[in-house]
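Working notes, structure below.
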Amino acid sequence: MPGSDRSAHAPTQLSFAQQRLWFLDRLRPGLPDHNVPTAVRLRGRLDQEALVRALTDVVRRHEVLRGRIVDSEDGPCHVTEPVGTFVPTITDLAHTPAEQAWQRARELVAADLAAPFDLGAAPMLRARLIRVAPDDHLLVLVIHHIACDGWSLPVLWQEFSAGYGAAVDGRPIALPDLPVQYADFAHWQRDHLAGTALQGQLDYWREHLADLVPSVLPTDRERPAAWSGRGDQVEIEIPAELADRIRALGRTHEVTPFMTLLAAFQVLLARCTGQADVTVGTPISGRTRIEVEPLVGFFVNTLVLRTDLSGDPGFTDVLARVRQCAVEAYAHQDVPFERLVQELRPERDLGQHPLVTVMFQLEDPPALPSGLPGLEVSSHQIPNDVAKFDIEVSLTDLGDRLTGVIRYAADLFERDTVLRLAEGFTALLDHLVGAPERPISAWQTPPGLRVGASAPTVHPAAPRPDASQAGAAETETELLVLETWAEVLGVTPDGVHSDFFELGGHSLLASKVMSRLGRALDLELPVVLLFYHPTVAELADGIDAALLADLGEAEAEPLPAGKARHP
């Protein structure tokens, strides 16, 4: 994905995801539905000038943050504006009594979050620094989703931290130049999808989602004609003991914690909806190329995970089905959700999200700035009263336990209904993980939830050889895999039989690992390879096989087994 020689301020194409958000904004203007907020509390001696400079440097580096969307004969385009369009707001409440100051600060945060963006005016980032006391500040950022996603926030805070430290010390910021800008990705994506490269992936989704009937939970109220976005949330917590058993079961059956949690949630959905054909959406980073890893931008894609729970399978069989479904979806993740909607043409309903009405995700803890001289940094929670789906389950892995929220459309559900859903999910998880061989019909439905149908049984994937014994790397490919895992995971594998997912790997990190390995070897390596070959030795063997196949096509002299060519 080469960077273009375009003028910095010349109009550029939007990505498919950006174009859909632009369309939704045109369809329902003046709403804050796609605002992405983040806020941190800064206690200590703050250098306000250094903070403004650090934020400005982030906006200068990432063109997408200082852009606006203009309509043209060729469709909507992105125009980058000078960095001077970004002006943080400074609010001083230090002379107000403490209780009143915090009340006013919360009101300002709520107002900033509720204020919509004008996509025709730059920038796409608003910042407010609230001085609550001489040594206590709130930094509030609100970014339109058209310019960022969940991956972007750690990137933003990392660059902000580096910039703040440099400004306080009076030295230049030491960050590498960005290899490309978001506009380069959007151009590449358009070219990539215009050819035949993704035809096979589109064919897969057409077949996989044929005759799809979205899973829709029974609602407490009639669905409105148009989606209002009015939402609320309830908290959910999976205690440490149950979280440990979830991880242990996943290791036994070679599935990730996400897949185990998803499998249980889909069983619950089958009970609630009366459908054995269960469909859930899940976000995936969409950053399959290494050039875009350090960018702020809207790359995230939505995958449709459709699982057949018919035949009254045991939970172990459900895990196998969910694993197969997820792995296949990861292997075909390059098709933007917007393109799927275009291709499948589901029945349009302004009151319901197309293809999926329920989302499920497992996230890392929220990112924070780090290493700010003289400052203690903590997260400041912002209430989220916007619903984008009927139900959205967002869990966070805190290491010892799992916590999260269930966001819901307040037009459709009573709060008590969602509380029962949260309690029912935790109770069902406990039962399913405790006796995974029993058929899913054996478990009583939690109070207030309906029982659905079930029925064909599939066999679990054949177990892979025991990978519990560690060993030293013996080939260049194994060494490369070990080095790459250490860089991405932040931990050094014990040996070639270490398991990627037992070391803390997940789908987002799997994409990053395979992207880096593919770049190092100048070879297209699908993410699915890591899911089927999760140890260092197995992945290295799989890569060597791919290398030999690639060399054979080029009529090159075969390399000895395990000897990969790489820089």
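The values are calculated or read from the model by the stated rules, or taken from the named source; none is laboratory data. Small disclaimer: the values here were computed from a predicted structure and weren't measured. Backbone-built Cβ (ideal geometry, glycine too); neighbour counts: all protein chains shown. Just so you know, the surface numbers come from the protein's heavy atoms only, side chains and all, with ligands and any DNA or RNA stripped out. Shrake-Rupley method; radii C 1.70, N 1.55, O 1.52, S 1.80 Å.
Under 8 Å for C-alpha pairs, at least 6 residues apart: give me the relative contact order for the chain, rounded to a whole percent.
17
For the stretch 476-550, what are Rg and Dmax over the alpha carbons, in angstrom?
Using the Cα atoms of the stretch 476-550, the pair Rg, Dmax is 10.8, 31 Å.
With the Cα gyration tensor of the chain in hand, convert its eigenvalues to equivalent ellipsoid semi-axes via √(5λ) and list them largest first in whole Å.
Taking √(5λ) for each Cα gyration eigenvalue gives 37, 32, 25 Å.
For Asp244 and Thr89, compute 0.36 nm times the residue count separating them, minus their Cα-Cα distance, and round to one decimal in nm.
Full extension of this stretch gives 51.3 nm more.
Could you give the accessible area per residue of the stretch 12-185, probe 1.4 Å, as a whole number in Å²?
I get 43 Å² per residue for this part.
For the chain, what is the mean residue ellipticity at 222 nm derived from helices alone (per DSSP H run of n ≥ 4: -39500 (n - 2.57); sum divided by total residues; nearest 500 deg cm²/dmol)?
Numbers: 15 runs with 211 residues, N = 567.
When only DSSP H runs of four or more count, the value is -12000 deg cm²/dmol.
Distance in nm between label sites at Asp400 and Thr96, each 7 Å beyond Cα in the beta-carbon direction?
Output for this residue pair reads 3.6 nm.
Label 7 Å along Cα→Cβ of Glu524; the stretch 196-221 residues with amide nitrogen under 12 Å?
196-201
If you wrap a convex hull around the alpha carbons of the stretch 37-105, what volume per residue comes out, as a whole number of Å³?
Taking only Cα atoms, the stretch 37-105 has a hull volume of 133 Å³ per residue.
Using alpha-carbon positions, what is the distance between the centroids of the stretch 1-80 and the stretch 280-297, in Å?
Result: 16 Å between the Cα centres.
Let me know the volume per residue of the alpha-carbon convex hull for the stretch 198-247, in Å³.
Roughly 238 Å³ of hull volume per residue.
Measure out, as a whole number of angstrom, how far apart the alpha-carbon centroids of the stretch 87-102 and the stretch 392-431 sit.
With the stretch 87-102 and the stretch 392-431 each reduced to a Cα centre, they are spaced 35 Å.
Take every DSSP beta bridge with both residues inside the chain and express the antiparallel ones as a percent of the total, to the nearest 5. Before the final figure, lay out each step's value.
Values: 54 of 66 bridges.
In the chain, DSSP labels about 80 percent of beta bridges as antiparallel.
Under Stokes-Einstein, with the Kirkwood radius over Cα pairs standing in for Rh, what whole-number D in µm²/s applies to the stretch 12-185 at 37 °C and 0.692 mPa s?
Answer from the Stokes-Einstein relation: 191 µm²/s.
In percent, what relative contact order does the stretch 12-185 have, based on Cα pairs under 8 Å that are 6 or more apart in sequence?
Once normalised by length, the contact order is 35 percent.
Output the DSSP H helices from the chain with an along-axis C-alpha extent of no less than 27 Å and a mean Kyte-Doolittle hydropathy no less than 0.0. Present the calculation step by step, with values, prior to reporting the outcome.
Details: long enough: 415-434 (29 Å, 0.44).
Length and hydropathy pass: 415-434.
Suppose R0 equals 25 Å; then what is the FRET efficiency for Arg104 and Ala226 from their Cβ-Cβ distance, rounded to the nearest 0.05?
0.15
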